[in-house]
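The values are calculated or read from the model by the stated rules, or taken from the named source; none is laboratory data. These numbers come from a predicted model, not from an experiment. With ideal geometry, Cβ positions are generated from the backbone for all residues, glycine too; neighbour counts draw on all protein chains shown.
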């Protein structure tokens, strides 16, 4: 018998709060989404060889307003939970908000079956909802999450606790605590007021009457006059400032003195722990740490980042490109199923799978290749790629729009120019000239000969002018 369980909403809320509040996770996900959606989204049919779809104004508007924001939400949902709950009720893909549904999972022998239930009614299933979990982060049969965010949360919580304790320690260091100690005297004679004193009702007035300090009304008035003179000379602000300063003066009891208490010192390995945890989080997300923060503070595009050759990030982007492209293709075909059926003549189709391959729409991300323009130029000069391919990827490497491409040379490429480069010769031309390398050497030799003749003419003309 198959076992069923409900995904706890509290755990999903906890994962989402950790995901949206942590800056490292935000930087990693933003970097992946930016690399994926840098050139937008494209649609094609029949295996995407030479059958690219024409994007009308309506679809172009939907790409900018619906599909690109949906792709970002889809990436966030998969990173957070390992799955995505999508609603297509309005003929548009939408990620369902957390708390608007309950997810019920039935564990079958080889797969999971999901039911998206209504929150208000436990028995009512929400229509037009689909759950995608083919990303490699499927839940365990016991109901535990295996998403990327769930893997790094213990490290992030440890780092958060470490920061909180560091802040608490700094606050305690800012609030100085003063300790006093009774000073032992070597003199064996006891002192009045320190070692002993009289009771309040003791009759000692006859003995100390002459020794008392007398202060009458005249002495008090003279003291007030002196205080007024100081106030007039220094001003009222000085008096207020002095009064505030006196508030911080605390007299110590007789026989006690200040001693230094224990001082809390900060951790010397805090920076190393922080760097190690960030390295673990970025590695789990598939983004090298040097692309976010470099050793010398360079960040993305710095020298250390260029030298790193981030094959890990390239594999990450290609992974999400394939997985998210499959989800978008499935959703587009489901939403526009009736429109696709109208363009199919079922009487001529014999193979169902071949018809699906030829008429279904594939959604893909034309990502920028992870090669430099020098490598692209070398591939063009060797005849591996066409000039149109070179121009499209070269302009994407420098983040320029496709509209800036020069249409004059897209078909045949630029003319032979030493400032640019030569077009690779066709096989027929190579056979006639005896090979491209020999042709290039002959051309360079002739250019050198012409340059030598020009130099000789210039030297003779200068000699004539001097004479």
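Structure notes:
- Residue selected from the stretch 357-385 under the condition free of Cβ contacts under 8 Å to residues at least 12 places away in the same chain and part of a loop (DSSP other than H, G, I, E, B), by the criterion nearest to residue 321 (Cα to Cα): 385
- Condition broken by residue 91, with the remaining ones in (1) surrounded by 12 or more Cβ atoms within 10 Å (Cβ to Cβ); (2) within 30 Å of residue 62 (Cβ to Cβ) satisfied: (1)
- Flag if residue 337 is surrounded by fewer than 16 Cβ atoms within 10 Å (Cβ to Cβ), outside the structural domain of residue 393 (by TED's automatic domain parsing) and at pLDDT 85 or above: yes
- In this entry, residue 101 passes the filter for residues that are under 17 Å from residue 15 (Cβ atoms), surrounded by 12 or more Cβ atoms within 10 Å (Cβ to Cβ) and in contact with a strand residue (DSSP E or B) (Cβ under 7 Å, 6 or more places away or on another chain).
- The stretch 386-397 - residue that is closer than 17 Å to residue 40 by Cβ and touching a residue at least 12 places away in the same chain (Cβ under 8 Å) and, of those, farthest from the chain's Cα centre (by Cα): 392
- Here residue 127 meets the list (1) under 24 Å from residue 324 (Cα atoms); (2) surrounded by 16 or more Cβ atoms within 10 Å (Cβ to Cβ) almost entirely, failing just condition (2).
- Number of residues in the stretch 1-49 that are out of contact with any helix residue (DSSP H, G or I) (no Cβ under 8 Å at 6 or more places or on another chain) and part of a helix (DSSP H, G or I) equals 12.
- Test: residue 249 is over 29 Å from residue 157 (Cβ atoms) and at pLDDT 75 or above: no
- Spans of strands (runs of 3 or more DSSP E) in the stretch 87-167 with at least 3 residues closer than 27 Å to residue 316 by Cα and modelled with pLDDT of 90 or more: 129-132
- Scanning the stretch 114-141 for residues being closer than 13 Å to residue 6 by Cα and touching a residue at least 12 places away in the same chain (Cβ under 8 Å) gives a total of 9.
- Single residue of 370, 364 found to be modelled with pLDDT of 80 or more and under 22 Å from residue 315 (Cα atoms): 364
- Considering 334, 371, 361, 352, the condition of being closer than 24 Å to residue 128 by Cα and out of contact with any helix residue (DSSP H, G or I) (no Cβ under 6 Å at 6 or more places or on another chain) is satisfied by 334 alone.
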